[in-house]
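All remarks here apply to the structure that follows.
The values are calculated or read from the model by the stated rules, or taken from the named source; none is laboratory data. Being a predicted model, the structure only gives us computed values, none of them experimental. Note: ideal-geometry Cβ built from the backbone for every residue, glycine included; neighbour counts use all protein chains shown. These accessible areas exclude ligands, DNA and RNA; they are computed on the full protein's heavy atoms, side chains included. Shrake-Rupley method; radii C 1.70, N 1.55, O 1.52, S 1.80 Å.
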Amino acid sequence: ACTGIENIDEAITLLEQNNWDLVAAINGVIPQENGILQSEYGVETLHGPAYGPTSHSAAASAPSSSSAFRHVVPSRQIVERQPRMLDFRVEYRDRNVDVVLEDSSTVGDIKHILENELQIPASKMLLKGWKTGDVDDSTVLKSLHLPKNNSLYVLTPDLPPPSSSHSGALQESLNQNFMLIVTHREVQREYNLNFSGSSTIQEVKRNVYDLTSIPVRHQLWEGWPSSATDDSMTLAVSGLTFPCHRLTVGRRSSPVQTREQSEEQCTDVHMVSDSDGDDFEDATEFGVDDGEMFGVASSALRKSPMMPENAENEGDALLQFTAEFSSRYGDCHPVYFIGSLEAAFQEAFYGKARDRKLLAIYLHHDESVLTNVFCSQMLCAESIVSYLSQNFITWAWDMTKEANRARFLTMCTRHFGSVVAQTIRTQKTDQFPLFLIIMGKRSSNEVLNVIQGNTTVDELMMRLMAAMEIFSAQQQEDIKDEDEREARENVKREQDEAYRISLEADRAKREAQEREMAEQFRLEQIRKEQEEEREAIRLSLEQSLPPEPKEESTESVSKLRIRTPSGEFFERRFLASSKLQVVFDFVASKGYPWEEYKLLGTFPRRDVTQLDPNKSLLEVKLYPQETLFLEAKE
């Protein structure tokens with residue numbers, strides 16, 4: 001993250017060189033501020049010449065690439081740290097320029113290098129693709145915190161598109177049809193194949209594989225011009241003889257096949273192999289002996305359709321569309337949304353305002369002469385693919401089949417209205433492909449732009465950017481409204497939450513009071529029941545006591561004086577022959593049950609309740625009189 005090193009092996013190597021000291025490894029890679037490095041001679045500011053870019057041009061139809069390096073030569077041979085270098089891949093129309101310079105350089109330095117390479121004034125360039133906000137020519141690259149590898153693109157809206165006799169001749173060659181007479185060496189059979197000038201050598205070899213069952217990697221060719229060194233080269237620039245050119249193909253040395261085996265491999269020509277994942281180019285560009293080959297119509301050799309006809313599930317149709325698009329035009333293409341158009345609406349328009357995007361609908365048509373050029377050179381351009389992936393949800397549909405066309409027009413009427421549907425319905429085949437830019441609004445979906453296939457990369461990018469400006473303004477308003485609405489909802493939620501907490505507190509307080517009152521009532525009931533029970537026991541004991549003997553009784557009488565814990569005294573006479581239990585019952589009848597109180601003697605001090613209650617008072621020496629006192633048990 002600090003150094004921009006993306007290669008894990010390189011990062012581990014640097015750590016190992018610094019004994020896995022992270023700070024030392026980072027300091028060894030990142031230069032000090034303002035490009036000032038330390039040497040044993042003191043502090044020196046390093047300067048070096050900026051070498052001009054070197055470039056090479058490939059075939060006219062293939063993107064050319066160039067390289068520009070800005071090398072820093074230190075003023076001292078011994079330095080502790082090296083400057084951090086940044087790599088830029090800059091795309092301009094059909095060219096790619098590689099620029100390598102220090103992170104202490106400015107954006108203007110990149111433009112000066114591109115000015116020498118592209119022969120375009122720096123003042124006319126718009127350098128796009130930065131991940132940060134506003135960037136001007138004086139911006140230092142270090143302040144942008146860029147990774148090591150970066151992709152940019154150049155726009156020149158003030159310059160007219162290139163037009164020259166060379167480009168006109170090239171375009172004319174791309175539109176021409178070449179007749180290739182291919183001889184299959186093993187079976188001595190000739191095939192007359194028609195290809196457009198925009199077809200590539202690789203496409204020819206793949207189609208020949210379908211005819212001869214010789215895989216591309218095993219094909220051995222004779223007759224290609226010496227300039228045809230790259231299979232990605234188009235026929236228009238490969239040096240073929242126009243309008244007819246002879247070629248010979250055979251199988252590379254491998255297990256020997258007999259003539260009969262080879263003939264057997266190519267008898268059933270209508271069974272087209274798809275093992276390589278790629279199919280034929282447009283059927284109108286592929287012909288064999290005036291449309292017939294061994295009695296089989298040329299329609300049998302047609303490439304797979306972009307989308308199945310009358311597909312029940314739109315998601316399955318889009319899966320086939322994406323796979324077929326990749327097989328024809330490569331893996332660098334927009335990421336198509338897999339799902340129904342309604343699902344694409346949901347993804348683009350109905351999320352959070354900050355997450356919403358524009359919806360781009362690509363309408364493909366195989367029978368349009370513009371389709372191949374639009375897809376391969378514009379829709380698959382790195383700058384377009386990057387811009388679409390960052391700012392758009394891209395959905396696609398194939399309008400080649402009448403059933404699929406009618407189905408889309410029905411969807412278009414339902415979502416955009418009859419005016420937009422009629423506009424698409426009146427488009428001619430040669431005006432396809434179409435690119436619809438849709439912006440979601442509160443109550444409807446608005447079509448901002450309908451881009452036809454006869455456009456350029458710069459014009460397509462400018463129109464996408466113009467749509468983004470409109471969308472960004474609307475998005476800012478939506479974000480503001482959403483923030484205000486969320487703020488109001490947050491206040492309301494906080495108020496509701498406070499009210500709910502208050503209600504819960506009141507309810508909890510009320511329930512606590514009710515529980516306390518219920519507990520008090522329960523305890524009171526228990527106390528009353530206990531008192532009633534004790535009173536009943538006391539009365540029962542009182543009634544069961546033998547009558548108190550009189551003082552003039554002839555029998556032996558014991559007089560007991562009992563002191564309560566509160567200091568009160570009560571006296572009673574008992575027969576000396578009465579059992580000790582009678583004394584206990586008497587005390588209990590006064591409200592002092594012997595289970596809760598001890599009856600203690602004074603001289604000697606003893607616990608009378610510990611004595612045998614069946615013994616008489618005479619036996620326990622409580623005769624003729626005794627003073628006792630009550631004490632509560634622990």
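Structure notes:
- In range of the label at Glu535: residues from the stretch 547-576 whose backbone nitrogen is under 16 Å from the point 7 Å along Cα→Cβ: none
- Close amide H contacts of Arg95 (hydrogens built in the peptide plane, cut-off under 5 Å, sequence separation of 5 or more or a different chain): Ser64.
- Karplus-derived 3J(HN,Hα), 6.51/-1.76/1.60, for each residue of the stretch 402-418, Hz, glycine and proline x: 4, 5, 5, 5, 5, 5, 5, 4, 5, 4, 5, 4, 5, 9, 10, x, 6
- Under 5 Å between amide hydrogens, built in the peptide plane, is the criterion, and for Lys148 it picks out nothing among residues at least 5 positions away or on other chains.
- Segments 460-468, 496-504 sorted - mean Cβ within 10 Å per residue, highest first: 460-468, 496-504
- Whole-Hz Karplus values for the stretch 375-391 come out as 5, 6, 9, 10, 5, 9, 5, 4, 5, 5, 4, 5, 5, 5, 5, 7, 10 Hz, taken residue by residue from phi with 6.51 cos²θ - 1.76 cosθ + 1.60 and θ = phi - 60°; glycine and proline positions read x.
- The HN-Hα couplings worked out from phi for the stretch 92-100 by the Karplus form 6.51 cos²θ - 1.76 cosθ + 1.60 (θ = phi - 60°) are 9, 6, 9, 10, 10, 10, 9, 10, 10 Hz, whole numbers, x standing for Gly and Pro.
- Protection proxy ranking, peptides 9-17, 450-458, 430-438, average beta carbon neighbours within 10 Å, highest first: 430-438, 450-458, 9-17
- Between the stretch 333-348 and the stretch 91-119, the Cα center-to-center distance that results, in Å: 36 Å
- Long-range HN-HN contacts of Leu358 with modeled amide H, under 5 Å: Ile393
- Listed pairs Lys124/Lys148; Lys124/Lys205; Lys205/Lys357; Lys550/Lys615 exceeding 31 Å between Cα atoms: Lys124/Lys205; Lys205/Lys357
- Net length gained if the chain between Thr410 and Ser389 were fully extended (0.36 nm per residue, minus Cα distance): 4.8 nm
- At a probe radius of 1.4 angstrom, the accessible area of the stretch 315-480 per residue rounds to 42 square angstrom.
- Full-extension gain in nm, Gln452 to Glu172, via 0.36 nm per residue minus C-alpha separation: 98.7 nm
- Cα centroid of the stretch 174-229 to Cα centroid of the stretch 440-466, whole Å: 39 Å
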